[in-house]
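What follows draws every value from the coordinates through simple rules; no lab data is involved. Because the structure is predicted, anything quoted here is derived from the model rather than measured. All Cβ positions, glycine included, derive from the backbone under ideal geometry; neighbour counts span all protein chains shown.
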Amino acid sequence: MNALAATNRNFQRAARILGLDSKLERSLLIPFREIKVECTIPKDDGTLVSYVGFRIQHDNARGPMKGGIRYHPEVDPDEVNALAQLMTWKTAVADIPYGGAKGGIGCNPRDLSLSELERLTRVFTQKIHDLVGVQRDVPAPDMGTNAQTMAWILDEYSKFHGHSPAVVTGKPIVRSLGREAATGLGVVFATEALFAEYGKSISDQTFVIQGFGNVGTWAAKSIFERGGKVIAVSDISGAIKNSNGIDIPGLLKYKDDVNGGNGTLKGFPDAEVMDPNELLVHECDVLIPCALGGVLNRENAADVKAKFIIEAANHPTDPEADEILSKKGIIILPDIYANAGGVTVSYFEWVQNIQGFMWDEEKVNHELKKYMTRAFGDIKAMCKIHNCDLRMGAFTLGVNRVARATLLRGWEA
Ligand SMILES: NC(=O)C1=CN([C@@H]2O[C@H](COP(=O)(O)OP(=O)(O)OC[C@H]3O[C@@H](n4cnc5c(N)ncnc54)[C@H](O)[C@@H]3O)[C@@H](O)[C@H]2O)C=CC1
Ligand SMILES: O=C(O)CCC(=O)C(=O)O
């Protein structure tokens, strides 16, 4: 099922549970604005190459729209639309004063040099600068982008509008303490909130992680620091396993030492190579997808052996897989809650930039834990009211908050 159909289906199930009026339901589903731009840049050898960039602004009933920018070959309007919609429900679940948006460029960042990536980012910013803004739409990193990308956007945007640090979040560490780690650390705080219900702790569980980029590395590091055993990980280059637990600091150092920090886990000596397709169905307590959407589907769901799935990636579980996994009794912590740590710390960064005042990292992480724990309690309350699973608990929570804000603001033009 494509990403948009899957996301719409979850939204519609929540709308039905909440008994939303059909006109309100339709209005919440249609994006506020869809932007599609051509981005042509000269390559380093002087030849021209054109890419298509998107920014889909889904909803702003609760505040400025917010969400990452993805550089990936599979970026297309349906995928970005689904991701933008998920941001609307996610910011509402986290109860931060934002709506939802997402952007992306259909490109493979690994095939572009640093200077080509900079030119592409600047051209994209020139094309969208008058439609984003501190109180309008605030981008951040996602797959294939990082703090450097955000610094270029800030610089380019500021040429048009004056210095505007709060126009993007996830900026380099000098401007944003804690944001780089936030999604992965938030995933671990979310897991701890879930485990509290089951009397479990990170240190007595085994973990399998798909994707070893921003989210996967920080989740793995935080799990390792708490005594959890990461027994298999994968990235675009392949998958590795070690039933005694992978030495995560060693793997991070290995990845950093290869290719100036852009390395992969390929060739890491203290683990066995495994089939990446086997990784998702590997025997473990907790499976954490941290890469692409739709990786758990009707082809592999029946074979999943994990007891818990923590959705660090956006929409990693197809609705068909959701049904199969639920019937097997596997507990799924849904994306719009599990990976909300990133946007929550983005919110802290935005607040600090607007105030011109910087928090220390201890405060950032303390507040992050508070927000993640509170949101879990709010989701559980919805599960109890509507007698539903955690995904519908999170969706009904998010959709209800956005629907209430929409109705309070009124319909008149
Ligand atoms: N960066 C952030 O703050 C947030 C990211 N997310 C979601 O988390 C996921 C990962 O994002 P990031 O870590 O930022 O991206 P990233 O670009 O830093 O890392 C992605 C990782 O996935 C790996 N990967 C790509 N294709 C793969 C495949 N077929 N099999 C296994 N691994 C593969 C890459 O090699 C890389 O290790 C995405 O779904 C993103 O939307 C969600 C919330 C916030
Ligand atoms: O930090 C942000 O604003 C957005 C993060 C993001 O794109 C996501 O949560 O999927």
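A few notes on this one:
- The packing ranking of peptides 163-172, 379-388, 94-103, highest mean first, is 94-103, 163-172, 379-388, where packing means the average number of other beta carbon atoms within 10 angstrom of each residue.
- Amide proton proximity set for residue 51, modelled H, under 5 Å, gap of 5+: 39, 40, 41
- Rounded to the nearest Hz, the phi-derived 3J(HN,Hα) couplings of segment 215-229 under the Karplus curve 6.51 cos²θ - 1.76 cosθ + 1.60 (θ = phi - 60°) are 5, x, 5, 6, 5, 4, 4, 5, 5, 4, 4, 8, x, x, 9, where x marks glycine and proline.
- Sum of -39500 (n - 2.57) over DSSP H runs of 4+, divided by residues of the chain (222 nm, nearest 500): -15000 deg cm²/dmol
- The convex hull defined by the C-alpha atoms of the chain has an orientation-averaged projected area of 19.6 nm².
- Once the Cα-Cα distance is subtracted from the 0.36 nm per residue extended length, the residue 374 to residue 164 segment shows a gain of 72.5 nm.
- Taking every C-alpha pair closer than 8 Å and separated by at least 6 residues, the mean separation divided by the residue count of segment 52-200 gives a relative contact order of 23 percent.
- For segment 1-53 versus segment 330-384, the gap between their alpha-carbon centres in whole angstrom: 24
- Remark: spin-label model distance residue 43-residue 283 equals 4.8 nm, labels positioned 7 Å along the Cα→Cβ axis.
- Most to least packed among 140-152, 398-410 [average Cβ atoms within 10 Å]: 140-152, 398-410
- Net +/- balance of residues flanking residue 341 in space, Cβ distance below 13 Å, scoring K and R +1, D and E -1: -1
- Chymotrypsin sites (Phe, Trp or Tyr not before Pro) restricted to segment 344-400 and DSSP loop, no more than 11 other C-beta within 10 Å: 357
- Net charge of Cβ neighbours under 9 Å - reference residue 308; Lys, Arg +1; Asp, Glu -1: +1
- Positive-end ranking of 254, 145, 212 along the dipole of the chain, with charges on Cβ about the Cα centre, is headed by 145.
- Of 358, 372, 392, the residue with the greatest mean-square motion in the GNM of the chain, using alpha carbon springs below 10 Å, is 358.
- Assuming charge only on the beta carbon of Lys and Arg (+1) and of Asp and Glu (-1), the dipole of segment 108-216 about its Cα centre is about 280 debye to the nearest 20.
- Listed by chain and number, the lysines whose alpha-carbon sits under 22 Å from that of residue 127, ignoring those within fewer than 8 places in the same chain, are 36, 43, 66, 102, 159, 171.
- Relative contact order, whole percent, for the chain stands at 17, derived from Cα pairs under 8 Å and 6 or more residues apart.
- A simple spin-label model places the labels of residue 111 and residue 360 4.7 nm from each other, with each point 7 Å out along Cα-to-Cβ.
- Summing charges over all other residues whose Cβ lies under 12 Å from the Cβ of residue 78, with Lys and Arg as +1 and Asp and Glu as -1, gives -3.
- With contacts taken as Cα pairs under 8 Å and at least 6 residues apart, segment 73-127 reaches a relative contact order of 34 percent.
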